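Working notes, structure below.
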Amino acid sequence: MARRTVTTAAALAATAAILLTACGGGDDSSSDGIKGADKGSSSPSASASATASGSPDISVPDDLDLVFDFDQPSDAKHAAALTDAQNYLRALNHGLAEQAPDDPAYQYYSAGQATQYAKQQIQTWVKGGWTPTGTDKFYDEDVNTLSDGKGVLVRFCENQAKYYGKEIKTGKTLYTKESLKSYLKYSVLMLPPSGSSKVWKASIIEVVGKAKECKA
């Protein structure tokens, strides 16, 4: 079974090329195995819903645990950008679980290329007939304001060794073995609230597979 497809998209704030992943992970334990990406939260899944007045539901099923092992930045701007980067990933997983390529949840927390990235991921999972299950873990965050002061670049690692796809029709979990493919490096350009929006939005996302620095 196909893992996440990886394609070049654009430059991330003129610092890197964008690699888009779809359903990746470790080596398959069988020919039809599949892994997803860790998109976790240290709090229970249900707590991910309604983070602010008027915000969409970004909760995920009980069998999916999203773990964000992040330290809270002391800078208020950095803290807000990091929080909404997490919300974007929660919203993406919500869309995967709901099988909704046009889910308003990820659109609420994204713009531009990051919106297209989320839609492509969900479309891939819908086509495959999968929903996410297991545990997805994010860690080793690094948050910095861009030199032009107009955005915040959020970087972090992901361990998707225990994040799996589950066949919707059969309920079969498609287990895969942990390998270097289980580790990814994320770079997300977050833009500050503007207009009527009250949240930071993911604008460009880069996901690099086989991230050795994330396995150390």
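Every number in this text was worked out from the coordinates using simple rules, so none of it is lab data. Given the structure is predicted, the values throughout are model-derived calculations rather than measurements. All Cβ positions, glycine included, derive from the backbone under ideal geometry; neighbour counts span all protein chains shown.
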³J(HN,Hα) computed for each position of the stretch 76-89 - Karplus, 6.51 cos²θ - 1.76 cosθ + 1.60, integer Hz, glycine/proline x: 4, 5, 5, 4, 5, 5, 5, 4, 7, 5, 5, 5, 4, 5
FRET E, pair Ser147, Lys210, Förster distance 35 Å, beta-carbon r, rounded to 0.05: 0.75
Whole-Å distance, taken between Cα centres, linking the stretch 88-160 and the stretch 54-75: 11 Å
Cut-off under 5 Å, modelled amide H: who pairs with Thr135 long-range: Asp65, Lys162, Tyr163, Tyr164
Segment Lys77-Ile168, extension gain: residue separation times 0.36 nm, minus the distance between their alpha carbons: 28.8 nm
